[in-house]
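The values are calculated or read from the model by the stated rules, or taken from the named source; none is laboratory data. This one's a predicted model, so the numbers in the text were calculated from it and none came from an experiment. Positions of Cβ are generated from backbone atoms using ideal geometry, with glycine treated the same way; all protein chains shown enter the neighbour counts. Heads up: the accessible areas ignore ligands, DNA and RNA and are worked out on the full protein's heavy atoms, side chains in. Shrake-Rupley method; radii C 1.70, N 1.55, O 1.52, S 1.80 Å.
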Amino acid sequence: QVHLVESGGGLVQAGGSLRLSCAASGSISSINVMGWYRQAPGKQRELVATISSGGNTNYADSMKGRFTISRDNAKNTVYLQMNSLKPEDTAVYYCNLVYRGVYWGQGTQVTVSS
């Protein structure tokens, strides 16, 4: 069983920054891929960014340059630093881990006011 707990969401003004964290626990290997997805009201869940345990990253085009994904393998934790936030970044952000299956966190709300 894998458990993911996100934190760091909240309300921020446009142009501001937030840092999300996601801690993984349970039966996981040190070799895995973790990432962030988001879902805005009325829209499908979309990729934000992923990072492998080796540090290889992948970003959605619209996030490049504003968002940075990182991880601490010793803590099984992935982070998402979000800068220059826009109202259209408002969404529920979900942590994701892929290791012998796909696991999701409960989500954390990010609201960007104009």
In the stretch 66-83, which residues are exposed (fewer than 15 other Cβ atoms within 10 Å of the Cβ) and touching a Phe, Trp or Tyr at 6+ places or on another chain (Cβ under 9 Å)?
70, 72, 81, 83
Does residue 110 qualify as being open to solvent by less than 10 Å² (accessible area, probe 1.4 Å), of a type outside the set (D, E, K, R), farther than 17 Å from residue 12 by Cα and assigned to a strand (DSSP E or B)?
no
Inside the stretch 84-107, the number of residues satisfying the requirement of being open to solvent by 60 Å² or more (accessible area, probe 1.4 Å) and assigned to a strand (DSSP E or B) is 4
In the stretch 14-27, which residues are at pLDDT below 95 and more than 18 Å from the chain's Cα centre (by Cα)?
26, 27
Residue within the stretch 13-20 that is touching a strand residue (DSSP E or B) at 6+ places or on another chain (Cβ under 9 Å), open to solvent by 60 Å² or more (accessible area, probe 1.4 Å) and of a type in the set (D, E, K, R) present:
yes
If we keep only residues of the stretch 38-65 that are of a type in the set (D, E, K, R) and open to solvent by 50 Å² or more (accessible area, probe 1.4 Å), then the residue farthest from residue 112 (Cα to Cα) is 61
